[in-house]
Amino acid sequence: SGSSDNPYWSRELGSVHVIALNSYAPTEPGSQQHTWLVEALARVDRARTPWLAVMMHAPFYCSNSGHVEETRLMRRDMERVLYEAGVDLVLNGHVHAYERTFGTFDMKPDECGPVYLNLGDGGNREGAYVPWLVPQPEWSAYRESSFGVGLLQLLNATHARYEWRRHSCQGSSDPSNVNFEQPCESVSRQGTRDNGQLLGVDEVVLVKPTPAQCANRWRSGARPAAAVAFPAEESGSTAAQLRGAFADEMRAMSARLRVGAAAEGALAVFVGVSLVVNCGLAFILLRHRRLRAFSAAGRLPGYGASKEGPPHVQLHESDSGLERAQGGGNF
């Protein structure tokens, strides 16, 4: 696919052209990934692959309280590029919940924009993410903090069938903390309940707009223009709401990091003191054993044994220290 890095690539799979992007590499115009993306979109042939899908780890659109607005810069750099190229579907993970949007662009429903499928609900030891932001944004079609599986069937050049089904929820008396009973409702470890739609199933037939309605959705060899800056936001807009939630999450994370750093510092001091004490005790014990060994051999007077050594090496004390009685010289 001409990619300069493995984490972003493209290929044709039947009737769909798939493009994978890296949420954690530079995305601004002029970066390697952005330059490659524009070139990759220019190679799309709608006669061979009428469907165009993009997948990346972190979502552009998410109304969950987890990972809010983490891709704001990437969305700024690439959303218009994807829109002008007529991307039909965008598949994401990262957020441990399920959400489907309507066709969306620039934080508003737009039938010419792609449908975003957030599929981070396969299961994770961190559990399902709750709650959802209220009110539900106008671009969000369905959302639920359960574990499930999605199925996409491309029926022809204009119609696709998509369904998502819940298979379990978080929160039960089981050791795995997974509830397979139906119906069920996810509950976080802190007791927060899922405030999504909780139907357990999301089924929809996706119909591509006609060329007269959305020419971008039928465009081949598109060379999209560079991204533009976000427009000014109203204080009550969805984007502003998401930004506020993101700021709250960052403040909470910073507080947790400060507490964790203090605890780690205290632990390091405790470990350091313990090492010093243990090393000191070990040194005293070793020296004690060596002294006893010397004394037992008669080489150290006044330490648990007679001052008399072997007959040929008699020891006695003098003002100048321990001296040999025979042979002379300092001990």
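The values are calculated or read from the model by the stated rules, or taken from the named source; none is laboratory data. Please read these numbers as outputs of a predicted model, since none were measured by experiment. With ideal geometry, Cβ positions are generated from the backbone for all residues, glycine too; neighbour counts draw on all protein chains shown. Ligands, DNA and RNA are stripped out before the accessible areas are found, and what is left, the full protein with its side chains, is counted by its heavy atoms. Shrake-Rupley method; radii C 1.70, N 1.55, O 1.52, S 1.80 Å.
Data table
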quantity: Leading residue by the ranking (nearest to LEU198 (Cα to Cα)) among those in the stretch 115-132 that are modelled with pLDDT of 95 or more and touching a Cys at 6+ places or on another chain (Cβ under 9 Å); calculated: ASN118
quantity: VAL18, sole failed condition from (1) under 27 Å from the mean Cα position of the chain (by Cα); (2) surrounded by fewer than 22 Cβ atoms within 10 Å (Cβ to Cβ); (3) modelled with pLDDT under 95; (4) not acidic (Asp, Glu); calculated: (3)
quantity: Tabulated pairs, the stretch 183-209, first free of Cβ contacts under 8 Å to residues at least 60 places away in the same chain, second aromatic (Phe, Trp, Tyr), C-beta under 6 angstrom, 6+ apart or interchain; calculated: GLN197/TYR142
quantity: Pairs where the first residue, in the stretch 131-155, is within 13 Å of ASN118 (Cα to Cα) and without any contact (Cβ under 8 Å) to a residue 60 or more places away in the chain and the second is part of a strand (DSSP E or B) and open to solvent by less than 10 Å² (accessible area, probe 1.4 Å), C-beta under 6 Å, 6+ apart; calculated: GLU144/TYR98; SER146/CYS169; PHE147/SER168; GLY148/TYR98; GLY148/TRP164; GLY150/TRP164
quantity: Search result, residues across the stretch 42-81 that are in contact with a Ser or Thr (Cβ under 6 Å, 6 or more places away or on another chain), among the acidic types (Asp, Glu) and in a loop (DSSP other than H, G, I, E, B); calculated: ASP45
quantity: Odd one out for GLY66 among (1) in contact (Cβ under 8 Å) with a residue 60 or more places away in the chain; (2) under 23 Å from CYS112 (Cα atoms); calculated: (2)
quantity: Among (1) touching a residue at least 24 places away in the same chain (Cβ under 8 Å); (2) farther than 16 Å from GLU99 by Cβ; (3) surrounded by 13 or more Cβ atoms within 10 Å (Cβ to Cβ) - the single one GLY221 does not satisfy; calculated: (3)
quantity: Qualifying positions in the stretch 104-127 - closer than 19 Å to VAL205 by Cβ, touching a Leu at 6+ places or on another chain (Cβ under 9 Å) and part of a loop (DSSP other than H, G, I, E, B); calculated: GLY113, PRO114
quantity: Any chance PHE105 is closer than 16 Å to PRO137 by Cβ, open to solvent by 20 Å² or more (accessible area, probe 1.4 Å) and not charged (D, E, K, R); calculated: yes
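Table: residues versus (1) under 23 Å from the mean Cα position of the chain (by Cα); (2) over 30 Å from ALA47 (Cα atoms).
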site: VAL134; (1), (2): no, yes
site: PHE147; (1), (2): yes, yes
site: ASN156; (1), (2): no, no
site: SER168; (1), (2): yes, yes
site: SER188; (1), (2): yes, yes
